[in-house]
1. When the range 41-85 is examined, which residues are found to be within 15 Å of the chain's Cα centre (by Cα) and within 16 Å of Gly121 (Cα to Cα)?
2. Those residues that are of a type in the set (S, T, N, Q), modelled with pLDDT under 80 and more than 14 Å from Thr103 (Cβ to Cβ), I need them from the range 18-57; list them, please.
3. Give the residues of the range 100-157 that are modelled with pLDDT of 75 or more and acidic (Asp, Glu), sorted by residue number.
4. Could you pull out the residue among Val84, Val31 that is of a type in the set (A, V, I, L, M), surrounded by 14 or more Cβ atoms within 10 Å (Cβ to Cβ) and out of contact with any Cys (no Cβ under 7 Å at 6 or more places or on another chain)?
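The values are calculated or read from the model by the stated rules, or taken from the named source; none is laboratory data. Remember, it's a predicted structure, so these values are computed and weren't measured experimentally. Don't worry about glycine lacking a Cβ; one is built from the backbone with ideal geometry, like all the others, and counts go over all protein chains shown.
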Amino acid sequence: MVGSGEVRAAMARAHLRSDILNWRLALVHIVSSGLAVIITVVLLPGLSFTGWQWGQLTVVAVVFGLLNAIVKPILQFFALRYLVATYGLVIVLINAFLLWLLTSILDQWFEVRGLVPLLIGGLIVGVLGLVFDAVLGTTRPIVDTHGGFDRGAGAAL
């Protein structure tokens, strides 16, 4: 007979394997984050590109996508208490911080003129990121399909 610990370990290995094999999903998420920042910079007057070349736009998109994939979860973890207390408004500050970080990394290509455009840009990047993630399907489903609830038993309820 198989113990519950062994079943949990097998499920954890399967979940980890699916995450590793899901590099395409991570790539699409990076592209959607980069596209969100490019559209935000084009729409918002306080943010601008200093050199308008497609190669530079790609670099800006990839760098912001990587910041969004690596730095943002760390900041969300440390600000978790404030995320809950402010109903998620801290995400705007985190996105604004990521935009500021992008300007400090790519200062020769990207420019921010003030704090207000930075905060509005954080809001727009967040909304566009949510829309692109929903349209492109990069968000994980809320219901776990790997186990825990038997569909056959649930149909009788």
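1. Here is the first cut: in the range 41-85, the ones within 15 Å of the chain's Cα centre (by Cα) are 61-77.
Hits for the range 41-85 are Ala61, Phe64, Gly65, Leu67, Asn68, Lys72.
2. At the first step, the residues of the range 18-57 found to be of a type in the set (S, T, N, Q) are 18, 22, 32-33, 40, 48, 50, 53, 56.
Imposing the further condition that a residue be modelled with pLDDT under 80 reduces the set to 18, 22, 53, 56.
Ser18, Asn22, Gln53 - these are the residues of the range 18-57 that are of a type in the set (S, T, N, Q), modelled with pLDDT under 80 and more than 14 Å from Thr103 (Cβ to Cβ).
3. Filtering the range 100-157 down to residues modelled with pLDDT of 75 or more leaves 100-137.
Of everything in the range 100-157, those that are modelled with pLDDT of 75 or more and acidic (Asp, Glu) turn out to be Asp107, Glu111, Asp133.
4. Values: Val84 fails: surrounded by 14 or more Cβ atoms within 10 Å (Cβ to Cβ).
Testing whether each residue is of a type in the set (A, V, I, L, M), surrounded by 14 or more Cβ atoms within 10 Å (Cβ to Cβ) and out of contact with any Cys (no Cβ under 7 Å at 6 or more places or on another chain) leaves just Val31.
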